[in-house]
Amino acid sequence: MFSESGSLGVGPVQCAWRDYRRGQSAEALVRPWLAGELGVAADAMALERDARGRPRLHVPGRAGLDVNWSHSGEALLIALGEGVTVGADIEWLRPRPQAMALAQRFFVATEATALAKLPPAAAEAAFVQLWCAKEAVLKAHGHGLSFGLDRLEFAARDDGWALVACDPALGAPGDWHLRAFAPLPGYLATVAWRPMD
């Protein structure tokens, strides 16, 4: 079950997280939470997928809702936005011996350089945090990773990563709001949102 202790409200987005077991239907876990948050019967809302597999939420009489979720390891994260397009990513902090090679291959050069300057233990966590940020934006955009991790650029800041440049298809960097957090021990997550078009 999702619980009050496993939730976060940030701006127009409500997030929740819970335990997840590989093979479970994430959608089956998400539906009851959405119904409770929206105060509707689960069968009164339609949860469909677009051509790229992105979830689309339809609730009679309630326009401007958006939902996204992510699972990794044994955790599930869900984000519900109102008046915004939302993307969510959660990642289990496990050893990633190829993290720097992935950064050099798929990230913007300045990001890979910033990661390479960090001590190895810090670099791995920073890599995961950057990955979460990129994936959350790309999931909100609706194209996911296939759009290209190098088509948005983040700069390291004291408190994490800030979006500083992106492909025009993503809008302007200033359109985006991101919130990075650690929902559970051993996990990092990011929720990204921008106003609906």
Given the conditions (1) open to solvent by 60 Å² or more (accessible area, probe 1.4 Å); (2) under 25 Å from V13 (Cβ atoms); (3) more than 21 Å from the chain's Cα centre (by Cα), and given that R105 satisfies all but one, which numbered condition is not satisfied?
(2)
Test of understanding: among A192, A169, which residue is of a type outside the set (D, E) and either over 13 Å from the mean Cα position of the chain (by Cα) or part of a loop (DSSP other than H, G, I, E, B) (or both)?
A169
Among (1) under 24 Å from V86 (Cβ atoms); (2) open to solvent by 20 Å² or more (accessible area, probe 1.4 Å); (3) not in a helix (DSSP H, G or I), which single condition is F154 missing?
(2)
Regarding R49, is this residue under 21 Å from E135 (Cβ atoms) and either open to solvent by 90 Å² or more (accessible area, probe 1.4 Å) or out of contact with any Phe, Trp or Tyr (no Cβ under 9 Å at 6 or more places or on another chain) (or both)?
yes
Looking at G11, is it surrounded by 12 or more Cβ atoms within 10 Å (Cβ to Cβ), under 20 Å from the mean Cα position of the chain (by Cα) and on the phi > 0 side of the Ramachandran plot?
yes
Any residue in the range 62-69 that is part of a loop (DSSP other than H, G, I, E, B) and either in contact with a Leu (Cβ under 6 Å, 6 or more places away or on another chain) or farther than 26 Å from Q129 by Cβ (or both)?
yes
Give the residue that is surrounded by the most Cβ atoms within 10 Å (Cβ to Cβ), with candidates limited to residues of the range 157-197 that are of a type in the set (D, E) and closer than 18 Å to A126 by Cβ.
D159
All but one of (1) more than 30 Å from G6 (Cβ to Cβ); (2) out of contact with any Lys or Arg (no Cβ under 7 Å at 6 or more places or on another chain); (3) not β-branched (V, I, T) hold for D167; state the number of the condition that does not hold.
(2)
The correct count of residues that are part of a strand (DSSP E or B) and of a type in the set (G, A, S) in the range 172-189 is 2
Any idea how many residues of the range 33-43 are outside any loop (DSSP other than H, G, I, E, B) and either surrounded by 12 or more Cβ atoms within 10 Å (Cβ to Cβ) or at pLDDT 95 or above (or both)?
7
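The values are calculated or read from the model by the stated rules, or taken from the named source; none is laboratory data. Values in this document were obtained by computation on a predicted structure and should not be read as measured data. Heads up, the Cβs are rebuilt from the backbone with ideal geometry, glycines too, and the neighbour counts pull from every protein chain shown. With ligands, DNA and RNA removed, areas are computed over all heavy atoms of the protein, side chains included. Shrake-Rupley method; radii C 1.70, N 1.55, O 1.52, S 1.80 Å.
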